[in-house]
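One structure is given here, and the rest of the page talks about it.
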Amino acid sequence: MQEMYGWIGEILPAEAAGTAAPRALAVRSRHAPLCILCRGGRRLCGKAVCPIELKARALISNSGAVMKTELSGSSPPSVFVGRYGYPKVSIGPMVPPVYGDTSVMDIPESWLFESIDSIVNYRYSLVRGTARVEVDAARRGGRLVDSLQELSMGTAPADAEVTFIKPPAGRISMDDNSQPFGPSAPLKQFSISSVKVDHRIEKAFYDGDYLAADALYELYNSGVEISKLQRAFSMGVFGVQKKRRLVPTRWSITAVDSILSQRLIDEVKGYETIDKYQVYFWKHQHNTFAAILIPRAWSFEWMEAWFPGTFWNQEGTSAAVEGDYEGYGGRKEYPGIGGCYFSCRLGVAEHLRSIRRQATALVVREIMPEFPLPLGVWFVRENVRAMFRKPHFEFDDLSSALRHLGSLLRVPIARWVSKSAILRDSILQRRIDEYTVAGGL
């Protein structure tokens, strides 16, 4: 097996690769020298599970069923829009080699309590057919675009038949944008049947004067899942007809989180502030999430601490702490910490609207080395939602709230304070208030 797959073959069981051709697997790692030296067995990166091995097992175990130029199965439904080469991008369906209820393969809202192995396997079970089109094809239409737009509005798995120009191949990418995606191949033919569209989304699709942001917010409030809105948004289903365009999947995920959270924030700003300091806490999959809500007008901060041995901090000797912040007026620049900022902001705004209050919110995340690989921003959104469903602690003053918050985290609270715009500002404001009460001003 080593002759077929190189060093990765040493760590895979024979049954995992017995039916896969060598071209089914290509490995790229941002820490290639370390990976070559380790070869999955010595865990030199500090992880309990080798992320390359995890992805390789899923990719190779599924490749036997898809290493051919024809594929049929039930799309969850799922579509993909690439970002490379924009404004000419790759689009196509995502189809597994099985029929039946495959919906779980593309509903991140249902993945929170799934194992990481299962999630990776879902993603690598979906085979992508790809064809290059201009992004304005969303408004011009065409056989492929029309079919994919219909599929993107689906509410249940749809039977699909795909013919590829050549057999699909997969790549195991361990770079900064490492998120699980299955094998892909250039698309020759594609047909679908039995598509059951969501008539709420379909209504927005046929309204060529309906602003995309308005359509998204109305559909969200009617109960359409975030992931379904992101899928339809990527295929240019929403918006004024003459302005519609395809949106790369990665961008559509962030755009929908951003648009919906901003609409919710606009609502939240009309509510009274909370009257006590609130602390929330949640641990899951070697990740710790915690939040402090402060009785002040809306502002928001999202921070992450990646411990040594984690994906973003392989060679560090201490936790790497970073974050981004917005005041009452919002922010204009894209956050350096990435799309997870908007996913977290959405979870916070949802909670505040549900209790009909506004607050200043700081949410922090600590990632342990045992967490093997990034899974996508949905992981942040769903964990923040879960955190706010748990009972919280209330305090009359900031000092007590910070002491409790510090007892829940591994990074010292002083480090969080030194990095957090909200905590520094809140401590300064408290000191000013105390000085004022004491008659100093």
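Here, each number is a calculation from the coordinates, and none is a lab measurement. Just so you know, these numbers come straight off a predicted model, no measurement behind them. Positions of Cβ are generated from backbone atoms using ideal geometry, with glycine treated the same way; all protein chains shown enter the neighbour counts.
Annotations for the structure displayed:
- Cross-link reach list, lysines versus Lys88, counting only Cα pairs under 23 Å and skipping chain neighbours closer than eight places: Lys166, Lys188, Lys242, Lys243
- Potential extension, Lys88-Arg132 segment - 0.36 nm per residue separation minus Cα distance: 15.2 nm
- When each of the peptides 385-392, 100-107 is scored by how many other beta carbons lie within 10 Å of its residues on average, the order from highest to lowest is 100-107, 385-392.
- Listed peptides 323-332, 253-262 appear in the order 253-262, 323-332 once ranked by packing, highest mean of other Cβ atoms within 10 Å at the front.
- Computed E for Ala414/Asp214 - FRET, C-beta separation, R0 45 angstrom, nearest 0.05: 0.50
- Efficiency of FRET between Ser222 and Tyr99 - r from beta-carbon atoms, R0 35 angstrom, step 0.05: 0.70
- Put simply, when 155-166, 266-277 are sorted by average Cβ atoms within 10 angstrom per residue, most first, you get 155-166, 266-277.
- Spin-label pair Ile427-Gln189: with each label point 7 Å from Cα along the Cα-Cβ axis, the two points sit 6.8 nm from one another.
- When you restrict to C-alpha pairs under 8 Å that are six or more residues apart and normalise by the size of the stretch 277-437, the relative contact order lands at 34 percent.
- The simple spin-label model puts a point 7 Å past each Cα toward its Cβ; for Phe393 and His199 those points are separated by 5.1 nm.
- Paramagnetic label zone (point 7 Å from Cα along Cα-to-C-beta, Ile165; backbone N under 13 Å) in the stretch 70-97: 90-91
- Normalising the average separation of contacting C-alpha pairs (under 8 angstrom, six or more residues apart) by the number of residues puts the relative contact order of the stretch 207-287 at 29 percent.
- Distance from the stretch 348-367 to the stretch 243-321 (C-alpha centre basis), Å: 8
- Added length on full extension, which subtracts the Cα-Cα distance from 0.36 nm per residue, Thr69 to Lys269: 66.6 nm
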